[in-house]
1. Taking the alpha-carbon centroid of each part, what is the distance from region 15-42 to region 152-200 in angstrom?
2. Whose amide H sits under 5 Å from the amide H of residue 113, counting only residues 5 or more places off or on another chain, with H placed in the peptide plane?
3. Calculate log10 I(q)/I(0) of region 77-209 for q = 0.16, 0.20 Å⁻¹, where I(q) comes from the Debye formula with a single equal point scatterer on each Cα and nothing for solvent.
4. State which entries of 25/53; 142/178; 215/269; 140/178; 53/140 exceed 18 angstrom in Cα-Cα distance in the structure shown.
5. With θ set to phi - 60° and the Karplus curve 6.51 cos²θ - 1.76 cosθ + 1.60, what are the ³J(HN,Hα) couplings of region 72-80 in order, to the nearest whole Hz, using x for Gly and Pro?
6. What is the fewest-to-most order of 334, 29, 211 by other Cβ atoms lying within 10 Å of their Cβ?
7. For region 242-250, take each phi angle, set θ = phi - 60°, evaluate the Karplus expression 6.51 cos²θ - 1.76 cosθ + 1.60, and give the result in whole Hz per residue in order, putting x for glycine and proline.
8. May I ask you to list the lysines whose Cα is less than 18 Å away from that of residue 113, ignoring any residue fewer than eight positions away on the same chain?
Amino acid sequence: MPIWDQVRLPEKEYQFEVYLPSRPKEVEIDPSGRLADTNPLNNRWKSFPNFPKADLQLNNLRTDVLPVDRYHFLWRPSLWYNRVDGVMLGANLEGSYLGLDHVFVLDGLKATKKLERGNIDFSYSTPFTLMGRGGRIFGKAKYVEGREYYEIGLLKESRTRQLFPPLHRFRFSYVLEKMNKAEYLTGFQNWPPEGDATHFYRAGWGGYFQIGKTKLNTGVTVEATALGMDFRIGREWGWIEVSAPLRKKFELYFRGIAGLANRLAPPQKRFYLASATPEEALEAPLVRSRGVVPTRFLDNVRLSGGGNVRGFYSENLSGNGVYSATIELTFPKILPTGRLPKIPLLTAFLQGHTNYIFADFGALAFYQGVNPADLDERELDLDGYIDLGVGVRFPHVWPKHHFRLDFPFYRYPELGEDNFRFRWVIGWEVGV
């Protein structure tokens, strides 16, 4: 190929003639990646199939540098268990271009106990240019352990400075969810009867701000029923998180949440005092089905969320609304884990742990009467629920999965003023 003087050539196209003995099968420019290029994916042409470069590697759970000239795919075997299906075998495949374009995750499992059953969990997102910079289209499809969940929507991120706050995130989506087989549910999960589907729209705004060293994360989400639904979903909630560093590696954290749903919302849409909703548990395989966690520990392992009054995990308290506040004070590490070798799944999460003391307060709201005309009349549980204690948070146990080991000291208000209790709980966090 003739020499191309890229710096001095003002034209967008560069034409030349070359004589070949036969039709070319593949043409590639800049194979070494030395030239400045905004789209390295279009540097290669093949007669068939004419796809961009791609590579496939085993997912070793380490963060590698993503290649700029090809799509990057990772795979790993999958193994899971629940009491209904027994051992489940399958594979996980994920891929993207630079973690931005055509991002997808596909996880498939086949049951060995009941061969006709299996799990499919798929998510996808990519830039949507019609929405301008920061616009994306996304979708999710889950057919997992007796439940179905489908979501498709649009996401828009806006910030005045690239990579720096403030950040605004707008989201709108359509959701369909359905219960097929209730035999998978634990005693802490409530869903509509088998075969009943729920359709609704979800819209939300989230913002991230930073003032000095103080960080603030807040947002509001609203859900409304789609046409033709038996359920009438009207549900809204908002949250705020503030973290501020103090002297000598101390950090103060505050979380507040307030939410309310209408009387006719389905059971998986209720607000829980101490944990996330059954709908949110679909994202956490550890807690979504029977038999994954031994029954004797079921009272102690839940998905973090909701009011987060963690001393009441085992009570499974829920209502039409929730109001709660959490305060945590993080202090220097007390476990000597700095010298441990960094081994994924074994020791890596121990090195990043944080310890803290905490206090939680929460209250549930309930509607009065049973007449739909009373929808606007509600009664707040003014007794409230409160706990305090110490805990340790372990990040990166699994990609996008973290867990907390907490030791709350709490009082159950309905059993008298002298009724104080102590327990241990594991709170699982997903997508943080």
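Values in this text are rule-based calculations from the coordinates and carry no lab data. Predicted, not measured: the structure shown is a model, and the values here were computed from it. No Cβ is skipped: glycine too gets one built from the backbone with ideal geometry, and neighbour counts run over all protein chains shown.
1. When both Cα centres are located, 44 Å separates them.
2. For residue 113, whose amide H was placed from the backbone, the distant partners under 5 Å are 87.
3. -0.96, -1.16
4. Working: 25/53 15 Å; 142/178 10 Å; 215/269 30 Å; 140/178 14 Å; 53/140 26 Å.
As for pairs spanning more than 18 Å Cα to Cα, those are 215/269; 53/140.
5. Couplings: 10, 10, 10, 9, 7, x, 10, 9, 8 Hz.
6. Numbers: 334 8, 29 14, 211 11.
Result, fewest neighbours first: 334, 211, 29.
7. Computed from phi, the couplings for region 242-250 are 10, 10, 9, x, 10, 6, 6, 6, 8 Hz.
8. Here the lysines satisfying the reach criterion relative to residue 113 are 181.
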